[in-house]
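Where a number appears in this text, it was derived from the coordinates with a stated rule and is not lab data. Everything quoted here is computed from the prediction, not taken from an experiment. Cβ atoms come from the backbone with ideal geometry, glycine included; neighbour counts cover every protein chain shown.
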Amino acid sequence: MSKLLPSNHPDDSPALSPAQPEEVTEALAYALRYDERGRPRPHSGEMIAGLAARHLTQHLQRAGFVLMKRRPGRPHRVG
């Protein structure tokens, strides 16, 4: 798959980076399988969620969408 961010796009925000297509697909598949609390949705087949997520990711790429994500923060330390 091609990059989601055009090479001539200015990097206005150092806190954001372009999301890779695989990351977008994984996030969409998770959202299709689980609710906002992380509980499995009823009748949310893993295979169907994966296929739908791939289809949506490909469509977003063809439509010219650029998806950004935050860079990982510092790990949380307890104690």
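Quick look at the values:
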read-out: Rough spin-label spacing in nm, given labels placed 7 Å along Cα→Cβ, for E46 and Q20; value: 2.1
read-out: Footprinting exposure proxy for R54, R39, R74 (fewest neighbouring C-beta atoms within 10 Å first); value: R74, R39, R54
read-out: Gain upon complete extension [E36, K69; 0.36 nm per residue less C-alpha separation]; value: 10.0 nm
read-out: Estimated vicinal HN-Hα couplings, Hz - the range 26-37 in sequence order (Karplus 6.51, -1.76, 1.60; Gly, Pro = x); value: 4, 5, 5, 4, 4, 5, 6, 8, 10, 7, 5, 9
